[in-house]
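As structure tokens, the structure follows; a few thoughts come after it.
The values are calculated or read from the model by the stated rules, or taken from the named source; none is laboratory data. This is a predicted model, so every value here is computed, not measured. Positions of Cβ are backbone-derived with ideal geometry, glycine not excepted, and every protein chain shown enters the neighbour counts.
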Amino acid sequence: MNSRSVRPLDRYDVVLVGAGIMSATLATLLHELDPELRLLVVERLEAPALESSAAGNNAGTGHAANCELNYTPLQADGTVATEKPLAINASFECSLEFWSSLCAQGRLDPSWFIHRVPHISFVWGEGDVAYLRQRYEQMKALPAFAAMEWSRDEAELASWIPLVMAGRDPQMAVAATRIERGTDVDFGALSRALFVPLQASGALDLVFGTSVSDLNRCAEGWELQLRCPSQRRVVTTPFVFLGAGGGALPLLQRSRIPEAASYAGFPVSGQWLVCNDPDLSEHHFAKVYGKAKVGAPPMSVPHLDSRWIDGRRSLLFGPYAGFSSKFLKQGSLLDLPRSVRSSNLLPMLQVGVNNIPLVRYLVNQLRQSSEDRMEALKAFLPTARADDWTLSVAGQRVQIIKRTPAGGRLQLGTEVVAAADGSLAALLGASPGASTSVTIMLEILQRCFPDRLASQAWQQRLQALLPSYGQDLNADAELLQRSRDRSDALLGLSISR
């Protein structure tokens, strides 16, 4: 390394890699708990939240498990599983509490990033109608989903989802459930908004066009080699967070912590059909989730969404999956092969052998023509016209492959990987990560800052930010309602009756 191109050694209390929603959330939490911490966020692109957190690159649903049918699979006894939707819903309520506290402080404007939009599950065919009825009856009995509505009435469904019902065969068996208190969240806009007061306070340095070329243990904790086109830089820190979306796995491997050896990743690309015609978007006001076809993986659940992207309301349908060996949308085709190690090759092969339906699904998605994609859309919108829709490439997802005593296992969702000494944490995986970002970052605090988190000062500050902190929203219906009333009022989500 040319010494003339190296800046003097810098030390930070925390270095966060990736300027998306996860780093923005963790940085905000840490600053609220200890305003004296000196934070650095390193982003390889030229602005925050251009990858997984960007509005056009993720589902943006505000995952609350209201309508996502893949979270409630049918069990052998004829009931549906409800443990996962309860956990996800409570996590999203935690995010809403956190954002509403920042709004109360004047640090966030909810109009920048969140909109109320009903969440609807819609199915057709007698078998799926029976499944949805079973799901409704079980979830309606839970306080978290007590506001769920059910309908098979065509006129009522036409008032909920007029475009979806228009032109549909009147002999087709259809049904839907609805929760009016749903949201659309622009996590890119939210990420950028969270960084602004941190930078203004002087607590945060945010550098763009900069990548982490290596990271190594040192006396101070970790030494990171930073590289940008004009210079190289070395920083040290006692704590590193790898929140770089699909780019977190390669960095985790470079850290050489023993915990990294158990993981591999499998990238899946996505595509949306997008409609920006205001006449159509104004006639569809809902997130409508369907049921995945038999044999399709959970990630393939089709949905038709009202979305706000760059302040404009649009319609999105998808996702259509594809394959790229990149771990990031703006990554390298060598990302996947470079991630292969002797420790994770066998688990990757085992997952491939044990997940033939996923392989078959991806192959079929790659073979899809534009006509095939329109056929899938017309199952939701019978009157859809190809001229109104354009194909848009979404973000990359890197699904977790984990080495276990029983062999390689494909894991959906997100997972925190932390060094034994708590000096480094990485976030791997995908949905519903962004919506549950606050809960995930609280887990990182518990695993990496246990002593400080247990202190009276941090506990009091967390309680102020998150009034339900340390309590179970699913076990206390009154607490849940108080939390929702507060969040709805501060975020402008209250429903007019």
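Filtering segment 340-388 to residues that are closer than 13 Å to residue 410 by Cβ and without any contact (Cβ under 8 Å) to a residue 24 or more places away in the chain leaves 352, 353, 356, 359. Note on segment 380-397: residues that are part of a helix (DSSP H, G or I) and surrounded by 13 or more Cβ atoms within 10 Å (Cβ to Cβ) amount to 3. Counting the residues of segment 102-128 that are surrounded by fewer than 17 Cβ atoms within 10 Å (Cβ to Cβ), farther than 19 Å from residue 380 by Cβ and not charged (D, E, K, R) gives 5. Tell me whether segment 451-467 contains one or more residues that are aromatic (Phe, Trp, Tyr) and either free of Cβ contacts under 8 Å to residues at least 60 places away in the same chain or closer than 22 Å to residue 88 by Cα (or both). Within segment 451-467, none of the residues are aromatic (Phe, Trp, Tyr) and either free of Cβ contacts under 8 Å to residues at least 60 places away in the same chain or closer than 22 Å to residue 88 by Cα (or both). Strands (runs of 3 or more DSSP E) fully within segment 175-272 that include at least 3 residues being surrounded by fewer than 24 Cβ atoms within 10 Å (Cβ to Cβ): 204-207, 211-218, 221-228, 231-237. Across segment 133-156, which residue is surrounded by the most Cβ atoms within 10 Å (Cβ to Cβ) among those that are touching a Phe, Trp or Tyr at 6+ places or on another chain (Cβ under 8 Å) and of a type in the set (A, V, I, L, M, F, W, C)? Out of the qualifying residues, it is 139. Residues in segment 229-271 that are among the basic types (Lys, Arg) and in contact with a helix residue (DSSP H, G or I) (Cβ under 7 Å, 6 or more places away or on another chain): 232 alone.
Taking the criterion of being surrounded by 14 or more Cβ atoms within 10 Å (Cβ to Cβ) and without any contact (Cβ under 8 Å) to a residue 60 or more places away in the chain, the only residue of segment 483-497 that qualifies is 494. Scan segment 306-323 and give yes if some residue there is at pLDDT 90 or above, of a type in the set (Asp, Glu) and farther than 25 Å from residue 72 by Cα, otherwise no. There is no residue in segment 306-323 that is at pLDDT 90 or above, of a type in the set (Asp, Glu) and farther than 25 Å from residue 72 by Cα. Of all residues being part of a loop (DSSP other than H, G, I, E, B) and charged (D, E, K, R) in segment 304-342, which is farthest from residue 184 (Cα to Cα)? Just the residue, please. My answer is 341.
Would you check which residues across segment 223-269 are β-branched (Val, Ile, Thr) and modelled with pLDDT of 95 or more and list them?
235, 236, 237, 240, 257
Being in a loop (DSSP other than H, G, I, E, B) and surrounded by fewer than 19 Cβ atoms within 10 Å (Cβ to Cβ) is a description that does not apply to residue 87. Going by what's in this entry, would residue 423 be described as among the hydroxyl-bearing types (Ser, Thr, Tyr) and touching a Ser or Thr at 6+ places or on another chain (Cβ under 7 Å)? Spelling it out, it is not the case that residue 423 is among the hydroxyl-bearing types (Ser, Thr, Tyr) and touching a Ser or Thr at 6+ places or on another chain (Cβ under 7 Å).
Elements of the type helices (runs of 4 or more DSSP H) sitting completely within segment 415-497 and holding at least 3 residues that are under 18 Å from the mean Cα position of the chain (by Cα) and modelled with pLDDT of 95 or more: these cover 437-448.
Of everything in segment 131-160 that's among the charged types (D, E, K, R) and not in a loop (DSSP other than H, G, I, E, B), which residue is farthest from the chain's Cα centre (by Cα)?
Restricting to residues being among the charged types (D, E, K, R) and not in a loop (DSSP other than H, G, I, E, B), the top hit is 154.
Going through segment 334-366 one residue at a time, which ones are among the charged types (D, E, K, R), more than 18 Å from residue 292 (Cα to Cα) and either exposed (fewer than 15 other Cβ atoms within 10 Å of the Cβ) or more than 27 Å from the chain's Cα centre (by Cα) (or both)? The answer is 338, 341.
Mind counting the residues in segment 41-75 that are part of a helix (DSSP H, G or I) and under 16 Å from the mean Cα position of the chain (by Cα)?
Within segment 41-75, residues that are part of a helix (DSSP H, G or I) and under 16 Å from the mean Cα position of the chain (by Cα) number 5.
For residues in segment 90-122 being charged (D, E, K, R), outside any strand (DSSP E or B) and touching a Leu at 6+ places or on another chain (Cβ under 7 Å), which is farthest from residue 177 (Cα to Cα)? Taking the candidates together, the pick is 97.
Table: residues versus (1) modelled with pLDDT under 95; (2) at negative phi; (3) out of contact with any helix residue (DSSP H, G or I) (no Cβ under 6 Å at 6 or more places or on another chain).
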position: 4; (1), (2), (3): yes, yes, yes
position: 13; (1), (2), (3): no, yes, yes
position: 26; (1), (2), (3): no, yes, no
position: 35; (1), (2), (3): no, yes, yes
position: 40; (1), (2), (3): no, yes, yes
position: 56; (1), (2), (3): yes, yes, yes
position: 71; (1), (2), (3): yes, yes, no
position: 77; (1), (2), (3): no, yes, yes
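In this structure, residue 105 does not qualify as free of Cβ contacts under 8 Å to residues at least 40 places away in the same chain, among the polar types (S, T, N, Q) and over 30 Å from residue 33 (Cβ atoms).
What number of residues within segment 388-429 are aliphatic (A, V, I, L, M) and under 23 Å from residue 358 (Cβ atoms)?
Taking segment 388-429 as the starting set, the residues that turn out to be aliphatic (A, V, I, L, M) are 391, 393-394, 398, 400-401, 406, 410, 412, 416-420, 424-428.
This time we only want the ones that are under 23 Å from residue 358 (Cβ atoms), so: 391, 393-394, 398, 400-401, 406, 410, 412, 417, 427-428.
Total satisfying the criteria: 12.
In summary, residue 56 fulfils each of the numbered conditions (1) among the small types (Gly, Ala, Ser); (2) surrounded by fewer than 22 Cβ atoms within 10 Å (Cβ to Cβ); (3) closer than 25 Å to residue 480 by Cβ with the single exception of condition (3).
Total residues in segment 343-371 satisfying the condition of being hydroxyl-bearing (Ser, Thr, Tyr) and not in a helix (DSSP H, G or I): the figure is 2. Reported count of residues in segment 161-174, each being in a helix (DSSP H, G or I) and surrounded by fewer than 20 Cβ atoms within 10 Å (Cβ to Cβ), is 1.
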